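Next up is a structure, given as structure tokens.
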Amino acid sequence: LEEVAKNEIHQANTSDELEKVRVKYLGKKGELTEVLRGMGSLSKEERPVVGKVANIVREGIEEALQEAKNQIKNKELQAKLQAEAIDVTMPGKRIKLGKKHPLMQGMDELKEIFISMGFQVAQGPEIETVYYNFDALNAPVNHPSRDMSDTFYIDEETILRTQTSPVQVRVMENKKPPIRIISPGRCFRNDTPDATHTPMFHQLEGLVVDKGITLADLKGTLEVFAKYFFGNQTKIKFRPHNFPFTEPSAEIDASCFKCSGSGCSFCKGSGWIELLGAGMVHPNVLRNCGIDPEVYSGFAFGMGVDRLVMLKYGIDDIRLFFENDMRFLNQF
Ligand code: FA5
């Protein structure tokens, strides 16, 4: 029996097979167990002799089992290690890295330019009240921009902000001059999408309030900005304009030096492209925020970030920013 069992033990290749052999001989209904059970029918003299032999056989089988078990375990471990081994010479899989959206890259660049000029970044809510977006900014009650055809209303008092200018009011309400902030963020207008308009777009607002701030400070700041962002050759031009919250107001154009040669649809042959709106903060706005216009003056500007980035990189349709076409995004 011992010989046969040992033979089978040696032939077992896996833990499972070995276990089957163990059960076959030493299990409850195992062959050796049967022998021990049958000892009842033996005579008194035979019993100790057979018992002794049976025990020796059992020990022999157990020993062989243990030895085989160790060997199999070892073999299985080796196999596992081999299967899980890392081949360090194998070429790696290329991991596709995400990157910042071109608009956010542009936004970061704009922010950095103004931060380097001493501006701090201020944030305001995208869901805004009519008071902050229009009333406090001196917009007459019949101003066309208040119309539902231009502005997304949530209810009578609440809108999606149409501009970043309400952040000016929020900052001035909470902070005494000197103030020097920029406020980048999303704006919403009920505009029909075309190459230069989307219902959601981005602006970057700037506000400086202190004693003795003049139009010259505004001009100098914007000139430095334009040269940083577009390059040293850039010139800017002030055109008279009207905003309810600034007096005087201007629209600022930049020279289209980049658009010569292959042509640039923006400049349409004029050589200038509109960049932003700006002006000296209206005394009514300062007053609405508890700042004395007799003591303090300030300038403000608001630029369309999407349009600035389009101009800088020669993108001819603003809608490309929002289509998430990888062929477009991968170019930045
Ligand atoms: C304003 O929104 C003023 N708040 C700017 C300002 C701030 C003036 C501070 C004076 C002082 P305007 O409505 O012109 O101005 O919009 C500013 C810029 O936002 C535009 O020049 C344009 O670049 C961008 N813009 C406006 N509507 C859209 C749109 N639908 N899609 C993309 N860009 C837009």
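Where a number appears in this text, it was derived from the coordinates with a stated rule and is not lab data. Predicted, not measured: the structure shown is a model, and the values here were computed from it. Neighbour counts run over all protein chains shown; Cβ positions are idealised from the backbone, glycine included.
Considering only E205, E173, E19, give the residue with the highest GNM mean-square fluctuation for the chain, with springs between Cα atoms whenever their separation is below 10 Å.
Most flexible of the set in this elastic network: E19.
How long, wide and thick is region 178-245, going by the Cα atoms along their three principal axes, in whole angstroms, largest first?
If we take the Cα atoms of region 178-245, the spans are 41, 30, 23 Å.
Which of V121, Y131, N142 sits closest to the plus end of the dipole of region 96-162, meaning its Cα is farthest towards the positive end, when Lys and Arg get +1 and Asp and Glu get -1 on the C-beta?
Towards the positive end, the residue furthest out is V121.
Could you work out the mean projected area of the convex hull around the alpha carbons of region 1-147, in square nanometres to one decimal?
Its Cα hull, projected and averaged over all orientations, spans 24.8 nm².
To the nearest whole percent, what portion of all C-alpha pairs in region 133-180 is separated by more than 17 angstrom?
Details: 437 of 1128 pairs.
Tail fraction, whole percent: 39.
Using Cα atoms only, what is the angle between the long axis of helix 215-230 and the major principal axis of the chain, expressed in degrees (0 to 90) to the nearest 10?
Relative to the chain, helix 215-230 is tipped by roughly 40 degrees.
With N set to the residue count of region 183-332, report its C-alpha Rg divided by 2.2 N^0.38 Å to two decimal places.
Taking the Cα Rg and dividing by 2.2 N^0.38 Å, one obtains 1.15.
Enter the angle in degrees (range 0 to 90, nearest 10) between the Cα long axis of helix 102-116 and the first principal axis of the Cα atoms of the chain, meaning the one along which they spread out most.
60 degrees
Further, regarding this structure: Percent of alpha carbon pairs in region 132-254 separated by more than 23 Å?
Values: 2996 of 7503 pairs.
Above the 23 Å cut-off, region 132-254 has 40 percent of its Cα pairs.
What is the percent of Cα-Cα separations in the chain that go past 33 Å?
On the way: 28047 of 54946 pairs.
Beyond 33 Å sits 51 percent of the P(r) for the chain.
May I ask you to give the average projected area over all directions of the convex hull of the Cα atoms of region 19-87, in nm² rounded to one decimal?
Working: hull surface 20.3 nm².
Answer in nm², one decimal: 5.1.
Could you state the number of Å between the C-alpha centres of region 174-238 and region 1-66?
A separation of 93 Å, based on Cα centres.
Ok, one more. Sort T162, T234 so the one with the fewest other Cβ atoms within 10 Å of its own Cβ comes first. Before the final figure, lay out the partial values.
Working: T162 21, T234 18.
Ranked by crowding around the Cβ, least crowded first: T234, T162.
What value does region 121-204 have for Rg/Rh, both radii from Cα atoms and Rh as Kirkwood defines it? Provide the component values of the computation, followed by the final result.
Values: Rg = 13.1 Å, Rh = 13.4 Å.
Rg/Rh: 0.98.
Treating region 106-161 as a set of equal point scatterers at the Cα positions, no solvent, please give the Debye-formula log₁₀ I(q)/I(0) at q = 0.29 Å⁻¹.
-1.09
Loop-only trypsin sites (Lys or Arg not before Pro) in region 43-99, please: DSSP not H, G, I, E or B, and at most 16 other Cβ atoms within 10 Å. Numbers along the way, then the final one.
Details: sites: K44, K52, R58, K69, K73, K75, K80, K93, R94, K96, K99; in loops: K44, K93, R94, K96, K99.
Within region 43-99, the qualifying trypsin sites (Lys or Arg not before Pro) (loop, at most 16 other Cβ atoms within 10 Å) are K44, K93, R94, K96, K99.
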